[in-house]
Structures are given as C-alpha cells and as structure tokens.
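The values are calculated or read from the model by the stated rules, or taken from the named source; none is laboratory data. As the structure is a prediction and not an experimental result, all values here were calculated from the model. We place every Cβ from the backbone using ideal geometry, glycine too, and count neighbours over all the protein chains shown.
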Amino acid sequence: MKYESITLEIQDGIALLVINRPKQLNALNQATLTEFSAAIDELAANDSVRVVMITGSGDRAFVAGADIREFEAIKHASDGTRLSQQAHAVFQKVVDLPKPVIAAINGFALGGGLELALACDIRLAADTATLGLPEITLGIMPGWGGTTRLTRILGPGLTKLFVFGGERLSATDAQAAGIVERVYPAKDLMNEARALATRLAGLPPLALAAAKQSINRSHDMSLADANQHESLLFGQLCVTEDAREGARAFVEKRPAVWKGR
Ligand code: COA
C-alpha cells in the first residue's frame with residue numbers, strides 16, 4: 001500500500017514506521033490513523049519483519065496528539081466514542097503484534113502521541129523529549145488509553161496527578177516515573193533504537209512473541225490465571241525447533257541459528 005502521512009521502510013528484519021506530518025508536529029488525524037492501522041496489518045503479515053520501530057518525522061515531535069483541528073467535526077457523543085474506539089482498536093493491534101515494538105520518542109509525545117507510545121513494548125526517549133496528557137486543558141480527557149494504560153504503570157494516584165494537571169514531563173522525569181525505559185542524547189536516539197532493534201531481530205521470534213503475550217496478558221488476569229497462561233506458552237515453546245536448537249547450541253558451545261519454528 002502507498003502511504004502519504006506515514007513512511008515505512010523494512011530492512012534486515014527491522015521495520016521503521018515514521019509518522020510523517022512534521023508541519024503539524026505529527027498530530028494523528030483520521031487519515032494518518034487509518035494509514036497507521038494498515039501499516040501495522042502489513043507488518044503483522046510480513047514474516048520477514050522481526051522488530052518494529054516507531055518514531056516521528058523531524059526533530060521536534062514524536063506525535064503531538066490527536067489532530068485538534070478535527071475535533072470541531074465531532075457533533076455527538078457517539079462520534080467522540082467512535083473516535084476513541086477506533087484509536088483503541090488501532091493501538092491494540094500494536095499491543096497484539098507478535099513482534100517487539102519500540103517507540104523512539106524524538107520530541108513531543110502528547111495526548112495520543114503518549115498513548116501510542118504506551119501501546120508500544122519499549123519506550124526510548126531523546127533527552128529533549130516532552131511527554132504529557134494535556135487533554136484536560138482542552139476540556140476533554142485522554143481517550144486513547146491514557147487513563148487506562150498509564151494507570152497500569154503509575155498506579156491511580158500518580159496517574160490522576162499527571163492527568164488532572166495536564167502537565168508535561170521531561171524525558172528524565174518520565175524515566176524516573178517508569179513511563180519511558182531509557183533516555184539518550186537526542187543525537188544518539190535513533191542509533192540506540194536501531195541497536196536494540198538489531199539485537200532483538202537476532203533473537204528467536206517465537207520466544208519473543210510468547211514472552212510479549214505473557215507479559216501483556218498478565219495485566220488482565222489474576223496471578224494464578226497469569227501463571228497458568230505462562231505455563232501454556234512455555235510448554236508450546238519447549239517443543240519448537242528453536243528451543244531444541246537453543247539447547248543444542250549451548251551444549252555445543254556455538255551460536256544458535258534461529259528458524260522461527
Ligand atoms: N493537532 C493539530 N495540530 C497541531 C497539534 C495537534 N495536536 N499540535 C501541534 N499542531 C500544529 C499547530 O497547530 C501548528 O500548526 P500551524 O503552524 O499551522 O499553526 C504546528 O503544529 C506547530 O505547533 P505550534 O503550536 O506552533 O508549536 P509550538 O512549538 O509553539 O508548541 C506544542 C508545540 C506541542 C506545545 C503545541 O503545538 C501544542 O500544545 N500542541 C497540542 C498538544 C495537545 O494538546 N495534544 C493533545 C491533543 S488531544
């Protein structure tokens with residue numbers, strides 16, 4: 001598919017998806033969200049893609065949120081609900097993608113931009129990045145996973161402090177709070193993201209996919225159910241060719257050759 005407001009490059013098992021509306025600080029309008037969704041479908045269907053990196057075009061923004069200019073077209077509560085549900089469905093595709101997804105936060109990650117990053121598996125940020133959920137200051141609230149996913153990271157009290165105030169955090173403060181995993185000098189961010197992606201692309205894909213699923217699903221289950229689910233996934237992995245190869249390579253003191261089977 002040809003995209004207009006995103007770019008997608010695939011090389012050596014790594015997909016780089018760039019939100020490409022730099023003049024609007026990569027704000028996600030309907031058209032971009034639709035293209036983004038199609039791109040995730042494309043990446044899901046492409047077995048050669050092992051790892052996905054998501055970033056924003058230019059050096060100012062990852063994504064500055066939903067496109068506020070489209071809000072005026074919302075006339076009924078059901079329109080707003082539909083917009084929220086649509087974004088939830090798209091971001092859930094990122095969560096369910098059986099491959100690691102790295103958000104390289106290269107600038108403003110506000111509103112829907114932070115919510116997109118929260119749907120990714122690992123968040124790396126430039127030291128110049130700014131993160132926030134400023135929706136309250138627009139008379140609305142986060143509606144693309146901000147109140148839900150962030151609460152699972154920060155707990156309700158800190159999330160309320162953050163959402164009620166609509167304030168912005170520096171990358172370093174976001175890291176201290178556990179919202180981003182690593183912070184790098186802005187000039188190094190993409191190299192660091194690619195280095196991580198390269199490392200992950202060289203690891204057994206079925207094991208990575210199962211680990212992602214187990215970690216994600218454990219949030220929604222009791223500990224006992226989550227452990228049961230982990231056992232099932234673990235069992236399935238134990239009989240893969242990659243698991244046999246991993247053990248054999250260890251004993252033979254050689255690097256493993258992963259087949260994804
Ligand atoms: N939706 C639509 N357009 C946006 C946008 C958004 N979320 N965020 C930025 N833009 C546009 C601006 O309207 C401006 O367009 P213009 O040049 O045609 O006027 C352009 O991007 C540059 O933004 P500007 O505000 O001039 O840059 P700045 O450096 O002064 O401020 C921000 C940067 C990110 C602080 C500011 O743009 C902002 O607060 N954006 C909205 C963030 C937000 O509330 N997101 C949640 C939405 S639910």
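Key figures for this structure:
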| quantity | calculated |
| --- | --- |
| Residues (surrounded by 17 or more Cβ atoms within 10 Å (Cβ to Cβ) and closer than 19 Å to residue 125 by Cβ) located in the range 181-223 | 183, 184, 189, 190, 192, 193, 194, 196, 197, 200 |
| Leading residue by the ranking (nearest to residue 52 (Cα to Cα)) among those in the range 187-213 that are over 16 Å from the mean Cα position of the chain (by Cα) and small (Gly, Ala, Ser) | 201 |
| Residue pairs meeting the criteria (Cβ under 6 Å; at least 6 apart or on separate chains; first closer than 16 Å to residue 95 by Cβ, in the range 213-226; second loosely packed, with under 15 Cβ neighbours inside 10 Å) | 219/152 |
| All positions within the range 201-239 that are in a helix (DSSP H, G or I) and in contact with a Phe, Trp or Tyr (Cβ under 9 Å, 6 or more places away or on another chain) | 205, 206, 207, 210, 214 |
| Strands (runs of 3 or more DSSP E) wholly inside the range 1-113 containing at least 2 residues that are within 23 Å of residue 205 (Cβ to Cβ) | 6-11, 14-19, 51-56, 101-105 |
| Residue count, the range 16-35 (criterion: crowded, with 18+ Cβ neighbours inside 10 Å and away from the ligand (no atom under 15 Å from the Cβ)) | 4 |
| Failed item, numbered, when residue 13 is tested on (1) within 16 Å of the ligand (Cβ to nearest atom); (2) over 23 Å from residue 141 (Cβ atoms) | (1) |
| Filter pass, residue 43 being modelled with pLDDT of 95 or more and within 16 Å of the ligand (Cβ to nearest atom) | no |
| Scan of the range 130-182 for residues that are over 21 Å from the mean Cα position of the chain (by Cα), within 13 Å of the ligand (Cβ to nearest atom) and either outside any loop (DSSP other than H, G, I, E, B) or of a type outside the set (Val, Ile, Thr) (or both), ordered by number | 136, 137, 138, 139, 166, 167 |
| Which numbered condition residue 192 fails, given (1) modelled with pLDDT under 95; (2) touching a Phe, Trp or Tyr at 6+ places or on another chain (Cβ under 7 Å) | (1) |
| Only listed residue being part of a strand (DSSP E or B), hydrophobic (A, V, I, L, M, F, W, C) and more than 9 Å from the ligand (Cβ to nearest atom), chosen from 124, 118 | 124 |
| When residues of the range 69-96 are limited to those that are more than 13 Å from the chain's Cα centre (by Cα) and among the polar types (S, T, N, Q), the one farthest from the ligand (Cβ to nearest atom) | 78 |
